[in-house]
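Q: Take a look at the following structure, please.
The values are calculated or read from the model by the stated rules, or taken from the named source; none is laboratory data. None of these values were measured; they are calculated from a predicted model. Cβ placement follows ideal geometry from the backbone for every residue including glycine, while neighbour counts extend to all protein chains displayed.
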Amino acid sequence: MELTSWGQYPRANSELFSPSNQLSLTNALIEQTEASSIARGLGRSYGDSALANKVIRSNQFTHFIDFDVEKGILTCGSGVSLADILATFVPKGWFVQVTPGTKFVTVGGAIASDVHGKNHHLDGCFSQHVLGFKMALASGEVVHCSRQSHPELFFATCGGMGLTGVIVEVELQLLPISSSYINQTTIKAENLEQALTLFEQHYDTTYSVAWIDCLATGDSLGRSLLMFGEHDSDGALEAGSEGKLAVPFNMPSFLLNKYSIQAFNSLYYARVRESESQQYIHYEPFFYPLDGIHNWNRMYGKNGFTQYQFAIPKENGLAGMTEILTRISDSKRGSFLAVLKAFGQANDNYLSFPIEGYTLALDFKLEPGLFELLEELDQIVLAYGGRLYLTKDARMSEQTFKQSYPLWTEFDRVRKEYGADKLFNSHQSKRLGL
Ligand SMILES: Cc1cc2nc3c(=O)[nH]c(=O)nc-3n(C[C@H](O)[C@H](O)[C@H](O)COP(=O)(O)OP(=O)(O)OC[C@H]3O[C@@H](n4cnc5c(N)ncnc54)[C@H](O)[C@@H]3O)c2cc1C
C-alpha cells in the first residue's frame, strides 16, 4: 500500500506487517533475506525514516507489562504511545520525563529518534530516562540492552532510526508530579538576540520554548514569544481529553502563501500584549498545542510539507541563526511554526541529534525551488558546526549527513557487528549511505 509519514512527503509503496507477538516477529525476521525492512510506530516522523519496502509495525505491542509504584518504573510494549501512558499514569501522579511536541508517538519511536522536549537543557533526551529495552535482532534473537548489557547496541539503537533492529519492550523511568497543571510565564522578545539572552537568564526553568516570527526583518529579525514552564506543585491530577477538531481532507495548498503566513505570524505575536505575563494551564495545551486538531498536516495540501530542524552550537547560535533567518525571510518562504529551543549537553548515542546550543524547527510547504533553498541552508548549518534532525529529514544528502554526524562510522560498525545492515534499511538510510 502507499504509505507516508507526517509530512506526507515522500510517498512509498510498502508491504505492512503487524506481528502479533515476539515469536511471529522473530520468525519473520529469520525468514527474511532482503535488506529492506524497517520498524514503524505511529508515523509521526516527517520524512522517510519509517518507510521501506517492508514496514514492521509495533501496533500489537501495546501492553503495559509492569509498573513499580515505589520507583515509578514502567515496563511496556514498544507500541505503547505517550498518550496511553499519560492517560493512565497522570491520574496516579506520574508524567513522562521527556516529551516531544505530540503525544501520539510510540516509546519505540521515541527511543529510535532519541526525541527531546522543552527540557533538554536540563534533562537531556528520552533515552536518558530509559533503563533498558528488549529488541529483536536481524538473526531473530531477542536481546536485552541497557548501559550495562550490550552497551554499544544500546547507544546505537537510541537515535539509531530503527536501523539496528526492532524494539519490542521498554523499561522507562517516569516523573512524579503533584498536579497536571503548569505555571507558565510568557515573555515577548523583540529580536533574536533578546530571545537567546532570555533563554540563558531562565536556564534553570525546567521547560522553555520560543515561537519565532521567521518573516520579521531588520531590527525585529527573530522576534519571538518565549514560554517558560514548571509543573505546579499542588493541583488536580487530570489527564487531558482528546481533541475534537480535525482537518478532514488535504486543503488546497494555495491557501498557504507568503501573505497568509505573514498575517498569521504578525497576529500571533501581536495577540500577546504585555511584555511578560503568567498563565496557569493544563499540560495538554502547554506540551501539545497541535494535538487538539487531528490531521493538521493536511493543511499543507496533497503535496505535503517538510520540517527543517537544525541544531547549532551555542557559541555560533546568534550568528548562525541570524544568517539562516535572513536567508529564509529573503526567500519569502515563511513557516507557521518556527520553534526555538535550548539544548544542553549531547549524550553518548552515536546518532543522537542534540548538541549543546540551540535548535530551530521550521515547516515548509513542498513547492518548486524549496529544496534548492534548503540546500543553501544546509551549507550555512554545516559552516557553523551544526546538523539536521534525522526524524524530520526527507532530503538531506549523504555528504551533509556524514559531515555533521561524525560518529556515523561507529554506528555503522556496531550495526554491521549485529548483522543489522543485512536486514534493516529505510528509504532514508539508503539515501544517507548507511
Ligand atoms: C507535531 C509533532 C511534533 C513533534 N515534536 C517533536 C519534538 O518536540 N521533539 C522531537 O524530538 N521530536 C518531535 N517530533 C518527532 C517525533 O517525536 C518523532 O518522529 C518520533 O520518533 C515519532 O514516533 P513514532 O512512534 O511515530 O515513530 P515513527 O515515525 O513511526 O518512526 C520514527 C523512527 O523510529 C523507528 N522506530 C519506530 N518504532 C520502532 C521500534 N519499535 N523499534 C525500532 N525502531 C523503531 C522507525 O524505524 C523510524 O526510524 C514531533 C512530531 C510531530 C508530528
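Q: Considering only residues that are surrounded by 23 or more Cβ atoms within 10 Å (Cβ to Cβ) and either under 14 Å from Val166 (Cβ atoms) or within 13 Å of the ligand (Cβ to nearest atom) (or both), which ones fall in region 60-75?
A: Passing the criteria: only Phe61.
Q: Of all strands (runs of 3 or more DSSP E) completely enclosed by region 212-323, which ones contain at least 3 residues that are modelled with pLDDT of 95 or more and over 30 Å from Ser179 (Cα atoms)?
A: 305-313
Q: Separate question: Report whether or not Gly117 is modelled with pLDDT of 95 or more, within 15 Å of the ligand (Cβ to nearest atom), outside any strand (DSSP E or B) and within 23 Å of Arg57 (Cα to Cα).
A: No; evaluated as a whole, the condition is false for this residue.
Q: Name the strands (runs of 3 or more DSSP E) wholly inside region 127-207 in which the number of residues that are touching a Ser or Thr at 6+ places or on another chain (Cβ under 9 Å) and acidic (Asp, Glu) is 1 or more.
A: Output list reads 166-176.
Q: Ok, one more. Quick check: anything in region 394-404 among the small types (Gly, Ala, Ser), modelled with pLDDT of 95 or more and crowded, with 23+ Cβ neighbours inside 10 Å?
A: Yes, region 394-404 has at least one match.
Q: If you don't mind, there's one more thing I want to ask. Name the residues in region 76-89 that are crowded, with 21+ Cβ neighbours inside 10 Å and either of a type in the set (Val, Ile, Thr) or away from the ligand (no atom under 11 Å from the Cβ) (or both), would you?
A: Within region 76-89, Cys76, Val80, Ile85, Leu86, Phe89 meet the criteria.
Q: Looking only at region 362-417, how many residues end up being of a type in the set (D, E, K, R), farther than 19 Å from Gln307 by Cα and touching a Leu at 6+ places or on another chain (Cβ under 7 Å)?
A: Number of matching residues: 2.
Q: List the number of the failed condition for Leu434; all other conditions in (1) in contact with a helix residue (DSSP H, G or I) (Cβ under 9 Å, 6 or more places away or on another chain); (2) outside any helix (DSSP H, G or I); (3) more than 16 Å from the ligand (Cβ to nearest atom) hold.
A: (3)
Q: Taking Gly109, is it within 21 Å of Leu388 (Cα to Cα), in contact with a Leu (Cβ under 7 Å, 6 or more places away or on another chain) and more than 9 Å from the ligand (Cβ to nearest atom)?
A: no
Q: Taking Ala12 as the residue in question, decide whether it is closer than 30 Å to Ser179 by Cβ, within 23 Å of the chain's Cα centre (by Cα), surrounded by fewer than 21 Cβ atoms within 10 Å (Cβ to Cβ) and not basic (Lys, Arg).
A: No, not satisfied.
Q: Here is a further query. Kindly indicate which of Thr359, Thr400, Thr391 is assigned to a helix (DSSP H, G or I) and within 14 Å of the ligand (Cβ to nearest atom).
A: Thr391
Yes/no per residue for (1) over 18 Å from the mean Cα position of the chain (by Cα); (2) within 23 Å of Leu237 (Cα to Cα):
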| site | (1), (2) |
| --- | --- |
| Gly109 | no, no |
| Ala112 | no, no |
| Cys125 | no, no |
| Ser178 | yes, yes |
| Ala189 | yes, no |
| Leu196 | yes, no |
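Q: Do we find that Phe95 is assigned to a strand (DSSP E or B), more than 8 Å from the ligand (Cβ to nearest atom) and touching a residue at least 60 places away in the same chain (Cβ under 8 Å) in this structure?
A: yes
Q: Test each condition in (1) in contact (Cβ under 8 Å) with a residue 60 or more places away in the chain; (2) farther than 30 Å from Thr326 by Cα; (3) not aromatic (Phe, Trp, Tyr) for Thr185 and report the one that comes out false.
A: Evaluating Thr185 over (1) in contact (Cβ under 8 Å) with a residue 60 or more places away in the chain; (2) farther than 30 Å from Thr326 by Cα; (3) not aromatic (Phe, Trp, Tyr) leaves (2) as the failure.
Q: Hey, could you check region 31-59 for residues that are away from the ligand (no atom under 11 Å from the Cβ) and assigned to a loop (DSSP other than H, G, I, E, B) and say which is surrounded by the fewest Cβ atoms within 10 Å (Cβ to Cβ)?
A: Filtering first and then ranking leaves Thr33.
Quick grid of which residues meet (1) free of Cβ contacts under 8 Å to residues at least 60 places away in the same chain; (2) crowded, with 22+ Cβ neighbours inside 10 Å:
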position: Ile312; (1), (2): no, yes
position: Glu315; (1), (2): yes, no
position: Ala338; (1), (2): no, yes
position: Tyr350; (1), (2): no, yes
position: Leu370; (1), (2): no, no
position: Glu375; (1), (2): yes, no
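Q: Among the numbered criteria (1) under 17 Å from Ser78 (Cα atoms); (2) near the ligand (Cβ under 8 Å from one of its atoms); (3) surrounded by fewer than 22 Cβ atoms within 10 Å (Cβ to Cβ), which one does Gln173 miss?
A: Evaluating Gln173 over (1) under 17 Å from Ser78 (Cα atoms); (2) near the ligand (Cβ under 8 Å from one of its atoms); (3) surrounded by fewer than 22 Cβ atoms within 10 Å (Cβ to Cβ) leaves (2) as the failure.
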